[in-house]
């Protein structure tokens with residue numbers, strides 16, 4: 001018996017019990033659809049994170065305070081307050097691998113304009129913040145070095161704050177109040193969008209860090225320093241230079257713990273990418289359990305089918321069908337069920353991914369590789385779980401099969 005005839009006979013056999021065949025394939029349909037949908041969520045999250053870090057730049061460094069210990073008690077990262085404005089200036093002047101520096105402080109404040117108010121994040125930053133963070137001004141201007149040095153009460157708005165306070169009107173030159181202190185609006189930053197589950201990045205207001213320290217927070221230190229290396233290749237060199245400089249400035253003895261830490265954006269991005277890759281594998285693994293359940297369903301139904309068709313098998317053998325012919329017939333039926341279930345499962349998975357993206361607002365990414373892998377496993381399930389029933393059918397004794405009632 002050739003393959004074409006075997007497939008035709010298998011399809012006719014499956015067609016006799018349409019509902020049972022569909023219910024048997026349903027496990028495969030759900031399994032393949034779930035695998036594709038779950039993997040697409042993981043891949044979408046990975047792509048989203050990579051995009052965020054790409055937008056921030058590949059030569060970005062963060063200098064943060066370290067953790068402080070006092071009488072055996074350890075504070076968390078950032079519990080030190082030893083970073084000063086002079087540290088940021090020293091980094092810019094003495095580290096030749098560093099291009100830009102922005103001292104940073106941040107807080108929250110109630111923002112008022114006219115009869116409207118909004119609670120937003122206030123970022124006290126330097127004049128080079130847009131270049132360091134790859135965040136351009138959409139219209140208007142960013143504050144300059146002189147305005148930072150003199151601590152002027154000026155600000156640049158995120159697009160979400162602009163929309164909520166001005167509702168489409170031009171904010172340039174207007175006066176808003178941050179904790180009752182008047183600030184003049186210089187510009188509006190370009191829209192950045194959501195921050196991967198951490199809220200909108202556009203819900204912020206940038207002010208000179210000197211103004212934020214003295215007017216809004218009343219502190220004499222800075223909370224962090226954003227640094228841009230001259231190139232991505234010199235990022236590690238810039239980090240080493242900063243560490244050596246700050247250890248000297250902070251008079252840290254050799255072998256003692258730093259009161260600061262320097263993080264490379266590339267290292268953070270790599271760690272985040274690995275985490276989402278693990279998440280993708282975990283989601284795919286959980287979803288693939290339904291494929292296993294679907295395979296068990298196929299084996300069960302094929303065993304029932306063999307029992308129902310014992311006389312048919314005996315007749316086929318008595319007219320010359322070989323063991324291999326019987327084996328191929330039942331194995332083909334199992335594979336056809338799996339493949340059809342795989343095709344329908346792919347459609348379900350694509351539709352589910354699109355629906356999740358629209359309803360949940362999550363980015364999903366369906367790759368050809370995930371579709372091919374799910375389809376391959378669907379076919380493999382049919383072969384694996386269909387082999388035992390097919391072999392059992394091929395090993396029946398023809399005489400006993402013909403006597404079977």
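The numbers here are math on the coordinates, done by the rules we state, and not lab data. Just so it is clear, the model here is predicted, and its values are computed rather than measured. Don't worry about glycine lacking a Cβ; one is built from the backbone with ideal geometry, like all the others, and counts go over all protein chains shown.
Give me 178, 365, 12 sorted ascending by neighbouring Cβ count inside 10 Å, so fewest comes first.
If I rank by nearby Cβ atoms, fewest first, I get 12, 365, 178.
Which value in Å is the Kirkwood Rh of the chain over different Cα pairs?
For the chain, the Kirkwood estimate is 26.3 Å.
If one takes the longest principal axis of the Cα atoms in the chain, at what angle in degrees, from 0 to 90 and to the nearest 10, does the Cα axis of helix 235-249 lie?
40
Can you say what percent of the DSSP beta bridges in the range 81-258, counting only those with both residues inside, are antiparallel? Round to 5.
75
Could you work out [θ]222 nm for the chain from helices alone, using -39500 (n - 2.57) per DSSP H run of at least four and dividing by all its residues? Round to the nearest 500 deg cm²/dmol. Mind showing how you got there, number by number?
Values: 12 runs with 219 residues, N = 405.
Taken over the chain, the calculation gives -18500 deg cm²/dmol.
Applying 1/(1 + (r/R0)^6) with R0 = 22 Å to the Cβ-Cβ distance of residue 177 and residue 107, what FRET efficiency is obtained, to the nearest 0.05? Each step should come with its number before you reach the end.
Details: r = 15 Å, r/R0 = 0.68.
The formula returns an efficiency of 0.90 here.
Can you tell me the orientation of helix 18-56 relative to the chain, as the angle in degrees between its alpha-carbon axis and the longest Cα principal axis, to the nearest 10?
Tilt of helix 18-56: around 20 degrees.
For the range 81-258, would you read off the P(r) tail past 28 Å as a percentage of all alpha carbon pairs?
Every Cα pair in the range 81-258 considered, those over 28 Å come to 28 percent.
May I ask you to compute the full-extension gain from residue 312 to residue 296, defined as 0.36 nm times their residue separation minus their alpha-carbon distance, rounded to one decimal in nm?
3.3 nm
What nm distance separates the two modelled labels at residue 137 and residue 89, each placed 7 Å from Cα along Cα→Cβ?
Rounded to a tenth, the inter-label distance reads 2.4 nm.
With angles folded into 0 to 90 degrees, how steeply does helix 368-394 sit against the dominant principal axis of the chain? Use alpha carbons for both and round to 10.
30
What nm distance separates the two modelled labels at residue 354 and residue 249, each placed 7 Å from Cα along Cα→Cβ?
5.5
With r as the distance between the Cβ atoms of residue 277 and residue 380 and R0 = 35 Å, compute the FRET efficiency 1/(1 + (r/R0)^6) and round to 0.05.
My answer for the efficiency is 0.90.
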